[in-house]
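Colleague: Below are the structure tokens for one structure; questions will follow.
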């Protein structure tokens, strides 16, 4: 995000004559934190001082970028929409957010799940899988996504043996119950419209006993997640992925950061270590006598 803003500010073509300021928050995929952040933004920032005019004024938020999750985005949009402040998300895909009566100031740069759910149903139909199981996150993302999928699947003549929902904060007994339903079922194809953070717990539960041979069909949130794909029984998973591209200049921007600048941000440290396969958290002291 910082790189993108600096690219805009240094460009003479993107927003000529306008300089963007910013403040970045981490909602931690938590609705209470997201709501807290939204109110913080609306209540104004600390005074911004201008030495040349010897005056100060509070920063005014004109727009917000985020959130990556649908449920936090819904909460933030309800709050900011009352003040006509646009919210632009890069990853909130719930089709419900396309309702302009409900979310008039919400925009996004990613297609809604209406298209993904339709594609998943047609994919299942294409391979001739007409007897399936279905699991989904018990969230706006999972509930709406699965509802859209089932609507199309039914029209395509696909029968569903079971529909189970769960969430990452559920008691372990509920995660185990969903895993047992999958183990006992006769359907060998399972469509999972889940967030990666939720799917992690289901996959770990399935490894406790020899996992049943299943053909997994996944939504974009977890189907390209490296951790999810590390489970051997997920080999051969089919799903929808978001097209990726190389961002010119981003690697050089990150390489030019000093270790102290990276270490100052836990999020940047995690990303930097993953991108460049290194560790900034381990230090070795050498004494020379």
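Taken together, the values in this text are just the output of simple stated rules run on the coordinates, not laboratory data. Because the structure is predicted, anything quoted here is derived from the model rather than measured. Neighbour counts run over all protein chains shown; Cβ positions are idealised from the backbone, glycine included.
Colleague: Give me the one-decimal nm value for the distance between modelled label points at residue 230 and residue 204, 7 Å along each residue's Cα-to-Cβ direction.
Modeller: In this crude spin-label approximation the distance works out to 1.1 nm.
Colleague: Can I ask one more? Using a simple spin-label model with points 7 Å from Cα along the Cα→Cβ vector, what separation in nm is obtained for residue 181 and residue 147?
Modeller: Rounded to a tenth, the inter-label distance reads 1.7 nm.
Colleague: If a paramagnetic tag sat 7 Å from the Cα of residue 119 along the Cα-Cβ line, which residues of region 196-228 would have the backbone N under 15 Å from that point?
Modeller: Counting backbone N atoms under 15 Å from the label point, the list is 217-225.
Colleague: Right, another one. Percent of Cα-Cα pairs more than 23 Å apart in the chain, please.
Modeller: 64 percent
Colleague: For region 198-271, what is the Kirkwood estimate of the hydrodynamic radius, computed as the reciprocal of the mean inverse distance between distinct Cα atoms, to one decimal in Å?
Modeller: 15.2 Å
Colleague: Let me ask you something else. Mind pulling the angle between the C-alpha long axis of helix 31-42 and the longest principal axis of the chain? Nearest 10 degrees, somewhere in 0 to 90.
Modeller: 30 degrees
Colleague: Also, I was wondering about something else. Where a ≥ b ≥ c are the square roots of the eigenvalues of the C-alpha gyration tensor, would you call region 115-271 rounded, which needs a/c under 1.5, or, failing that, prolate if a/b is larger than b/c, or oblate? Don't skip to the end; give the middle numbers.
Modeller: Values: a/c = 2.36, a/b = 1.67, b/c = 1.41.
Prolate, because a/c is 1.5 or more and a/b exceeds b/c.
Colleague: Cut-off 16 Å, label point 7 angstrom out along Cα-to-Cβ of residue 169: give me the residues of region 112-151 whose amide nitrogen falls inside.
Modeller: 137-142
Colleague: For region 2-110, what does the alpha-carbon gyration tensor say about shape, rounded, prolate or oblate, given a ≥ b ≥ c as the root eigenvalues, a/c under 1.5 as rounded, and a/b over b/c as prolate?
Modeller: Because a/c hits 1.5 or more and a/b exceeds b/c, region 2-110 counts as prolate.
Colleague: What ranking do 62, 150 get, fewest neighbouring Cβ atoms within 10 angstrom at the top? The partial results should precede the final answer.
Modeller: Working: 62 9, 150 19.
Ascending Cβ contact count within 10 Å gives the list 62, 150.
Colleague: Let me know the whole percent of all Cα-Cα pairs from region 159-219 that are separated by more than 18 Å.
Modeller: 27 percent
Colleague: Contact order normalised by length for the chain, with contacts defined as Cα pairs under 8 Å and 6 or more residues apart; what percent is it?
Modeller: It rounds to 10 percent for the chain.
Colleague: Follow-up. For region 69-176, build the convex hull from the C-alpha positions and give me its volume per residue in Å³.
Modeller: 103 Å³
Colleague: Right, something else. Sequence gap at least 6, Cα distance under 8 Å: using those rules, report the relative contact order of region 113-239 to the nearest whole percent.
Modeller: For region 113-239, the relative contact order is 26 percent.
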